[in-house]
Amino acid sequence: MSNSTQRTSFGIIGMLAAFAVGCGPPRTVPVARTWVVARTPPAFDPHGPADPVRDVLMRLTGRGLVRLDSLGDWQLDAAESLVVSSDGLELRFHLRADLRFQDGSRCSSQTFARALEQGLSRTDHGTVRWALASLAGAARIRPGRPLPELGIRTPDDRTLILRLTTVDSLLPLRLAQPSIGTAWREDPTRPNWGIGLGDYAVRELEPTRWMLVRQSSESDPRSGLSHDGLRPVDTLRVRFLLGAGRVRAALRAGTADFVWPVPAELMQQPLPEGYRVERATTRPSRRLLLVARADVRPTWKLEARQALAHGFARSEALARLQSWGRAEATWLPDADVFDAPSYDRLAVQSWLNRGRFGRSLHAAMAFDADGPAALVAPALQQEWAQLGLDIELLPMRAATFERERLTGSRAALLLVEHQAPLASAAAELATYVTPATGGAIGTFRSGWRTHEFDRWLAPGAVQEAYEVQIAQDRLAEERVVAPIATLDWLWIERPDRDLRGLDPHFGPLGGTPRARAPKSSGLDAGSR
């Protein structure tokens, strides 16, 4: 073949190849977004207490047997089937075939069994023990001692069997919590986060910068566009910035696509151009609570708790919260309107006299230094000071505040953002009552130990409306926990690069993060 003939043949082949590329489907341009977290990076604690940022990262990078959807119902996740015995006392999970961690290693039913056992062994909090209370052998667990024989069986690598002592229809919902039914592999070379089964893998893990990369293939049905034209984010860059000043600098520079949680002080000034504030209601309800611990001086006395409850006006606290919170007349689900204590100088002095405190008392109050509680705490301190109630403020962050909430005793008062694990009166009350043995259920310890609700806090129990009202009335009498405001999810985003994954339970990124994809003509750099 002559040189001219070769040149002609190659030219025809080139034109045909270009034509084929041009007629093919347009290439999808990867979507990358930057999420700014106004907190320190969460510690990798797969069985730890609920934490909004940690829970979202665990849902993105891990998978459990089942998963909560945005409607609050459970869906199969790592398990491909769940069979319940005719008597309701056995749950048989069958795992998906070829279930592998992000490093390629196989995940078996034994991995999930170990995860459940490790959660039941926790001594700092008893959330997993509460969630699995219907499991055979769970009632014999004693903190700090080896686990008794439990109703957990793994007859083969893909089957996990849970034997129960009582029918518990809500068990799958409790297993769907990120810190309860999720399997992980620990990486000794990267102790800050584990290796999971989720759609996103952690590719970079620096002290203040993480990068999550989506693992699912384009054949995955979840890879398509949603009804509003959004598609899953391929790369999620996470920046941890402490303080309103640093977050505001990132907004001014345009390097942030999404900010959540939002530092409290940031909302006191207008946002830079190009950003907007969004909010959404939570389910279960998320509240700002004042906790007066019943096992720490001086609030171990009812008289001290009553004096503090009557020593501030909730209207002033709500005014400080501004867009963060709102008043809500109800408290426990299915109960009547909650009659909050009113500001009353005479009542304060009367309760101080009953408790033999004289004309004043001293206590310390711990709170999250970066959240909405930081706006309310100084206002409460000022009002209490006018009545002789000397309250020392203890702003804390991350792990320090978590330890104080659960096992510490430095602060008699806690100002906490609280959300029950399930949207029910029983789940709400379970987090307020400290168990007789073991750690607190949920994210804080109230120190209030009582057996009067044992019967209807038991697995499978059904509560009548009048019983819920009795429980709310008892909470009002004891003043161990008092709701100040109902909180919405609140975040900052860029309208032109919105990032959505809203889940009423887990927050604005609790679902699969989706964003508007960059437009592509089908002839991008890779197809020219």
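Taken together, 339, 257 contain a single residue that is under 22 Å from the mean Cα position of the chain (by Cα), over 20 Å from residue 385 (Cα atoms) and in contact (Cβ under 8 Å) with a residue 60 or more places away in the chain, which is 257. In the range 353-383, the residue that is farthest from residue 409 (Cα to Cα) out of those that are out of contact with any helix residue (DSSP H, G or I) (no Cβ under 8 Å at 6 or more places or on another chain) and in a strand (DSSP E or B) is 362. Within the range 406-417, the set of residues being surrounded by fewer than 23 Cβ atoms within 10 Å (Cβ to Cβ), touching a residue at least 60 places away in the same chain (Cβ under 8 Å) and of a type outside the set (S, T, N, Q) comprises 406, 416, 417. For the range 147-199, filtered to residues that are charged (D, E, K, R) and not in a loop (DSSP other than H, G, I, E, B), the residue that is surrounded by the fewest Cβ atoms within 10 Å (Cβ to Cβ) is 156.
In this entry, residue 249 is excluded by the filter for residues that are surrounded by fewer than 19 Cβ atoms within 10 Å (Cβ to Cβ), free of Cβ contacts under 8 Å to residues at least 24 places away in the same chain, more than 25 Å from the chain's Cα centre (by Cα) and over 24 Å from residue 324 (Cα atoms). Considering only residues in the range 108-146 that are buried (at least 19 other Cβ atoms within 10 Å of the Cβ) and β-branched (Val, Ile, Thr), the one that is nearest to residue 184 (Cα to Cα) turns out to be 111.
The numbered conditions (1) touching an Asp or Glu at 6+ places or on another chain (Cβ under 8 Å); (2) not in a loop (DSSP other than H, G, I, E, B) are all true for residue 30 except (2).
Kindly check whether there is at least one residue in the range 96-117 that is within 24 Å of the chain's Cα centre (by Cα), in contact (Cβ under 8 Å) with a residue 24 or more places away in the chain, closer than 22 Å to residue 149 by Cβ and part of a loop (DSSP other than H, G, I, E, B). Walk me through how you get there before you give the answer.
In the first step, residues of the range 96-117 are kept if they are within 24 Å of the chain's Cα centre (by Cα); the result is 101-102, 111-117.
Filter once more, keeping what is in contact (Cβ under 8 Å) with a residue 24 or more places away in the chain: 101-102, 111-113, 115-117.
Okay, now just the ones that are also closer than 22 Å to residue 149 by Cβ, so 111-113, 115-117.
Still in the running and part of a loop (DSSP other than H, G, I, E, B): none.
No, the range 96-117 has no match at all.
Can we say residue 71 is among the hydrophobic types (A, V, I, L, M, F, W, C) and either within 30 Å of residue 374 (Cα to Cα) or modelled with pLDDT of 95 or more (or both)? When the stated conditions are applied, residue 71 does not pass them.
A count restricted to the range 388-404 and to residues that are of a type outside the set (Val, Ile, Thr) and touching a His at 6+ places or on another chain (Cβ under 9 Å) stands at 3.
Look at residue 442 and say whether it is in a loop (DSSP other than H, G, I, E, B) and touching a strand residue (DSSP E or B) at 6+ places or on another chain (Cβ under 8 Å). Give the derivation first.
Details: in a loop (DSSP other than H, G, I, E, B): yes; touching a strand residue (DSSP E or B) at 6+ places or on another chain (Cβ under 8 Å): yes.
So residue 442 fits the description; yes.
So that you can scan it fast, the table gives a plain yes or no per residue for (1) touching a Pro at 6+ places or on another chain (Cβ under 8 Å); (2) polar (S, T, N, Q); (3) on the phi < 0 side of the Ramachandran plot:
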residue: 372; (1), (2), (3): no, no, yes
residue: 378; (1), (2), (3): no, no, yes
residue: 391; (1), (2), (3): no, no, yes
residue: 398; (1), (2), (3): yes, no, no
residue: 423; (1), (2), (3): yes, no, yes
residue: 435; (1), (2), (3): no, no, yes
residue: 446; (1), (2), (3): no, yes, yes
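Could you please let me know if residue 335 is surrounded by 14 or more Cβ atoms within 10 Å (Cβ to Cβ) and at pLDDT 95 or above? Reasoning before the result, please.
On the way: surrounded by 14 or more Cβ atoms within 10 Å (Cβ to Cβ): yes; at pLDDT 95 or above: no.
For residue 335, the condition - surrounded by 14 or more Cβ atoms within 10 Å (Cβ to Cβ) and at pLDDT 95 or above - is not met.
Taking the conditions exactly as written (more than 25 Å from residue 310 (Cβ to Cβ) and among the basic types (Lys, Arg)), does residue 405 satisfy them or not?
Details: more than 25 Å from residue 310 (Cβ to Cβ): no; among the basic types (Lys, Arg): yes.
The answer is no for residue 405.
What number of residues within the range 55-83 are out of contact with any strand residue (DSSP E or B) (no Cβ under 7 Å at 6 or more places or on another chain) and closer than 13 Å to residue 511 by Cβ?
Our first condition is that a residue be out of contact with any strand residue (DSSP E or B) (no Cβ under 7 Å at 6 or more places or on another chain); within the range 55-83, this holds for 55, 57, 59, 71-73.
Retained after the next criterion (residues that are closer than 13 Å to residue 511 by Cβ): 55, 59, 71-72.
Selection size over the range 55-83: 4.
Do we have any residue at all in the range 323-330 that's crowded, with 20+ Cβ neighbours inside 10 Å, closer than 28 Å to residue 364 by Cβ and in the same structural domain as residue 474 (by TED's automatic domain parsing)? Looking for residues that are crowded, with 20+ Cβ neighbours inside 10 Å, closer than 28 Å to residue 364 by Cβ and in the same structural domain as residue 474 (by TED's automatic domain parsing), one finds at least one in the range 323-330, hence yes. When each of 122, 54, 67 is tested for being under 21 Å from residue 427 (Cβ atoms) and not assigned by TED's automatic domain parsing to the domain that holds residue 168, the lone residue that passes is 54.
Looking across the range 384-427, the residues that are assigned to a helix (DSSP H, G or I) and at pLDDT below 95 come down to 398, 399, 425, 426, 427.
The values are calculated or read from the model by the stated rules, or taken from the named source; none is laboratory data. Computed from a prediction, not measured in an experiment: that's the story for all the values here. Counting neighbours? That spans all protein chains shown, and the Cβs are built from the backbone with ideal geometry, glycine included.
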